[in-house]
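Beneath this line is the structure, given in structure tokens, with notes to follow.
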Amino acid sequence: MRNLLGWIGCVEASPSHMNNALDAGETLAVAPGGIAEIFWGYPRPGCKPDDEYALIKARKGFVRMAMRHGLPLVPVYVFGNTKIYKRVQLPSAVEVCRFTRALRMCTQTRHAGPMRVPGTSGLVRKCPPTMQYSPTCTLISGNPPTQALSNMLHVSLVAFWGRLGSLVPFQVPLTYAIGNAIDTGRPNLNPTEAQVDALHALFCAELKRIFDDHKGGYGWGHKELVLV
């Protein structure tokens, strides 16, 4: 797959490869949210179906790289991109931990009536005393375990489907909204954190502006773009 993407002009999203491409005069299109952004949005717990999510608040490396090369930043938002596939929301590590803790309590508690599972409003029946479960749960992340694994392997491990349950994407129109170029000034090999933060804030504001300005024309007037 990497070779195939290389044939169509893609480069590895690493500082060395991107620097080489920029030094050669190439123009790069970057998705700052990366793999982690795939796991954001509905049906993720806490996300609303009428909101769109951009994982960008802590992603500042692309700003720093543009400043080092003295190249402008142009925000682009693709309307409809999040609707071409649907995905399965896998349980988070916290939910797995809660379930295993409840299972341990279920096997260790001996009483005649039903018991309440912590963190839920439902009741479950007492489990047979012969059922055993001993491992201690140490998961603390609120993200699906597949997200950490995806980041480690540099590939998105997501259960998704398109039309008729196939890999054919849903027929959704895609509209590209292109913002104003943000000037990064002369090349600065060692920008300060304050300088990076200032340009990053401008980029986020422009991304939000183009979404708000064009969402009505796309039919998403009821939606909000949430930067996370």
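Our note on the geometry: Cα centres of the stretch 1-65 and the stretch 168-186, 13 Å apart. Between L28 and V172, the FRET efficiency from the beta-carbon distance, with R0 = 25 Å, is close to 0.45.
So which lysines pass the test for K208, namely a Cα distance under 16 Å, with those fewer than 8 places away in the same chain ruled out? Within reach: K57, K223.
Packing-based ranking of 165-178, 190-203, 61-74, 33-46 yields 61-74, 33-46, 190-203, 165-178, ordered from highest to lowest mean Cβ neighbour count within 10 Å.
Solvent-accessible area of the stretch 2-57 (1.4 angstrom probe, protein heavy atoms only): carbon and sulfur portion equals 56 percent. To make sure I understand the rule: partners must be aspartates and glutamates, Cα under 19 Å from the Cα of K60, and not fewer than 8 residues away in the same chain. Which ones qualify? Partners found: E12, E37, D183, E193, D197, E206.
Taken over the stretch 1-49, the ratio of Cα radius of gyration to 2.2 N^0.38 Å equals 1.55. In plain terms, the chain from L189 to L71 could stretch by 41.3 nm, reckoned as 0.36 nm per residue minus the Cα-Cα distance. Once all protein chains are placed together, D23 keeps about 110 Å² accessible to a 1.4 angstrom probe.
The values are calculated or read from the model by the stated rules, or taken from the named source; none is laboratory data. All values derive from a computational prediction rather than experimental measurement. Reconstructed Cβ throughout: ideal geometry from the backbone, glycine too, with neighbour counts over all protein chains shown. Areas reflect the complete protein model, heavy atoms only, side chains present, ligands, DNA and RNA absent. Shrake-Rupley method; radii C 1.70, N 1.55, O 1.52, S 1.80 Å.
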